[in-house]
Amino acid sequence: MMKFRSKLLFAILSLLIFLIVILGVFLVQLINNHNRDIFYNNNQKQVVNIAEYIESNGGMENVLNDKEGLSSLNLVMSSLTLVSSNGEILYMANPPEIIAQERHEAYVTSLPKIKGNEHEKIKGGLNLFYFWYPIYTEHEKLEGYVVLTSELPDILQLEDNTWFLLLGVLAISLVIIMIITLKISNRFTKPIEAATNTAIELAKGNFRARIYENPTDETRTLSKSLNILARNLQEMETTKEMQQDRLSTLIENIPSGVLVIDSKGFITLMNKSYKKMFRVNASDFLYKLYYEALTFNEVIQLIEEIFMTEKSIKKQMVLSLLIERKHFVVYGAPIISNADEWKGIVLVFHDITELKKLEQVRQDFVANVSHELRTPITSIKGFSETILDSDLKDEKMMREFLTIILNESNRLQVLIQELLELSKIEKQEFTLSLTRLDINSLILEIGAMFSRKVEKKNIELTIHQSPSQLMVNGDSNRLKQIFINLISNAIKYTPENGKVDVLISEDGPFAVVEVKDSGIGIEQNELPRIFERFYRVDRARSRDSGGTGLGLAIAKHLVEAHNGHIFVKSKIGQGTSFIVKFKKTT
């Protein structure tokens with residue numbers, strides 16, 4: 001056991017030392033590269049700034065003949081040299097001391113001839129760098145070069161210090177890691193040695209052997225498992241029977257249909273969900289060949305494919321059940337024992353018919369929303385571009401186009417507000433502020449809101465009140481929203497000089513409100529879809545009238561939230577009637 005402990009300690013230490021060294025070298029190299037980049041960038045920026053200063057002050061001749069210009073150049077701390085385009089040194093300040101001046105001058109006059117670089121390190125092992133930049137006259141003619149010379153001693157010293165720091169940190173880390181690793185290895189290897197001895201005793205048949213369970217030890221799970229092992233051997237058969245019962249219960253009660261076929265092709269198991277899903281009896285299927293009992297060719301082909309390939313297969317199928325067609329996801333898998341013995345096939349049928357319907361509804365909704373949003377946005381964009389491309393002095397055209405943009409913006413705002421309203425209503429946490437109110441008074445209040453609108457179209461709006469009070473429990477604001485929508489639609493789709501009637505009555509336990517118009521009417525085949533989102537009988541006409549296609553969907557949800565009912569009756573050319581029923585209250 002000591003050998004294992006030594007190997008573990010050595011492996012951990014080696015890995016940690018390797019990682020620390022790699023990380024340290026990487027960090028030192030990263031820091032050194034960063035420092036050198038800063039050195040190069042600062043000197044390059046300085047030489048560019050000097051060149052721009054000389055160019056902005058009339059060129060090298062003017063700067064050298066100007067006292068103020070010379071004093072500015074003398075402020076540069078590094079060695080500075082100005083070279084003319086023909087290689088003549090015009091100015092030199094602070095020449096480097098680590099190199100002979102003749103060699104320095106020769107190097108300075110030859111640097112600009114080097115192509116593709118803007119800095120160069122001097123040969124001969126000296127850490128001396130030359131940076132240069134061309135100077136042009138105002139006519140883009142080359143006048144000369146600025147050459148800046150800098151040494152690199154500070155950065156080299158910093159690099160040396162970094163390596164010493166790395167070695168110090170590495171040495172300290174190794175000592176600390178060795179101490180910690182030794183303690184950790186002792187903490188883990190001792191319980192493992194005890195567990196090994198206990199396992200050997202159990203293998204010999206001594207089920208009384210136990211290992212001490214230290215509640216604070218990380219190997220407590222191993223100790224506990226070994227102690228439980230001896231007790232579980234006697235209970236193994238009982239546990240197996242219990243698991244078999246649980247599996248049978250699970251198969252019988254899962255919502256998906258399950259069919260099991262043995263290796264010879266006979267159906268041996270069928271759960272309740274399959275019988276209910278396909279409306280079959282177990283006696284017609286059990287212990288019969290699958291191709292004789294099953295009537296679906298797609299399922300038979302799936303079974304044969306699994307028999308041939310011995311692989312799991314998942315397919316979507318549309319199966320006809322009497323007068324309806326249902327969508328299924330059928331998952332088939334081979335049953336193979338641990339000894340690679342073929343046992344049969346299991347088929348699982350998931351009914352996804354409702355999911356398919358919901359997916360279609362979602363796709364239609366997304367398509368409709370995209371279409372409804374695209375129309376006003378396209379109009380706004382088109383007229384905005386027309387305004388920008390046209391003569392902005394034409395006030396009449398500007399006002400006309402801006403009015404259209406405003407109308408389309410308002411329409412877009414109404415559409416988004418109604419989408420948010422519909423989403424809010426459909427949430428489960430949506431609640432109503434119910435109060436006891438009189439339907440007659442509510443409808444009269446709503447009718448007064450449309451006085452100007454009906455006058456404008458010369459429509460006769462008549463409210464027929466119930467002879468007696470009709471009290472209901474409802475949310476006043478939401479009920480107004482329902483009837484404002486219905487009456488507004490009736491006025492929109494009724495031609496001028498038409499008639500809109502609102503009839504309030506009672507039908508047994510219900511208060512009934514009928515909104516009847518003399519408008520264009522709706523085809524009978526359109527009526528079942530009239531309450532769908534964005535559904536319009538005449539899309540162009542509805543859009544021109546400012547409709548969003550959401551009003552009736554919102555009205556229907558609000559009526560149902562009040563536990564009421566809404567119906568529609570219509571005839572082409574004779575008008576449409578919307579009938580709303582609420583339960584009366586005393």
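Quick note: the coordinates plus some simple rules give every number you see, no bench work behind them. This one's a predicted model, so the numbers in the text were calculated from it and none came from an experiment. No Cβ is skipped: glycine too gets one built from the backbone with ideal geometry, and neighbour counts run over all protein chains shown.
Taking a point 7 angstrom from the Cα of His350 along the C-beta vector, which residues in the range 287-319 have backbone N less than 15 Å away?
Only 313-318 fall inside the zone, counting backbone N under 15 Å.
Using amide H atoms built 1.01 Å from N in the peptide plane, name the residues 5+ places from Leu550, or on other chains, whose amide H lies under 5 Å from its own.
Here the answer is Phe534, since their amide H atoms fall under 5 Å of that of Leu550.
How far apart, in nanometres, would the label points at Ile336 and Ala282 be if each is projected 7 angstrom from Cα along the Cα-to-Cβ direction?
3.1 nm
Could you give the length gained by full extension between Lys264 and Glu324, i.e. 0.36 nm per residue of separation minus their alpha carbon distance, to one decimal place?
Working: separation 60, 0.36 × 60 = 21.60 nm, distance 3.25 nm.
Value of the extension gain: 18.3 nm.
Can you figure out the FRET efficiency of Ile176 with Thr585, using R₀ = 56 Å and their beta-carbon distance, to the nearest 0.05?
0.10
If you find the alpha carbon centre of the range 490-523 and of the range 461-483, how far apart are they in angstrom?
If we compute the Cα centre of each part, the gap is 14 Å.
Starting from the Cα of Asp66, step 7 Å along the direction of its Cβ; do the same at Met317; then give the gap between the two resulting points in nm.
Between Asp66 and Met317, the label points sit 9.3 nm apart.
Roughly how many nanometres apart are two label points built 7 Å out from the Cα toward the Cβ at Glu460 and Ile192?
Those two pseudo-labels are separated by 10.0 nm.
Given H placed 1.01 Å from N in the peptide plane, which residues other than close sequence neighbours of Ile352 have an amide H under 5 Å from its amide H?
Amide H to amide H, under 5 Å and 5 or more residues apart or across chains, Ile352 pairs with His327, Phe328, Val329.
Sorting check: for 501-508, 378-385, 129-136, which peptide has the highest mean count of neighbouring beta carbons within 10 Å, and how do the rest follow?
129-136, 501-508, 378-385
Quick one: Karplus J couplings for the range 290-300, per residue in order, coefficients 6.51, -1.76, 1.60, θ = phi - 60°, nearest Hz, x for Gly and Pro?
Those phi angles translate into 4, 6, 8, 7, 7, 10, 9, 4, 4, 5, 4 Hz.
Amide H of Lys499: which non-local residues (sequence gap of 5 or more, or other chain) have their own amide H closer than 5 Å, using H built in the peptide plane?
It is Glu460, Ser518, by chain and number.
Quote to one decimal, in nm, the extra length available between Glu506 and Arg103 on full extension: 0.36 nm per residue of separation minus the C-alpha distance between them.
Between Glu506 and Arg103, full extension yields 133.6 nm more.
Quick check: residue separation of Lys480 and Arg246 times 0.36 nm, minus the Cα distance between them. What number comes out in nm?
78.6 nm
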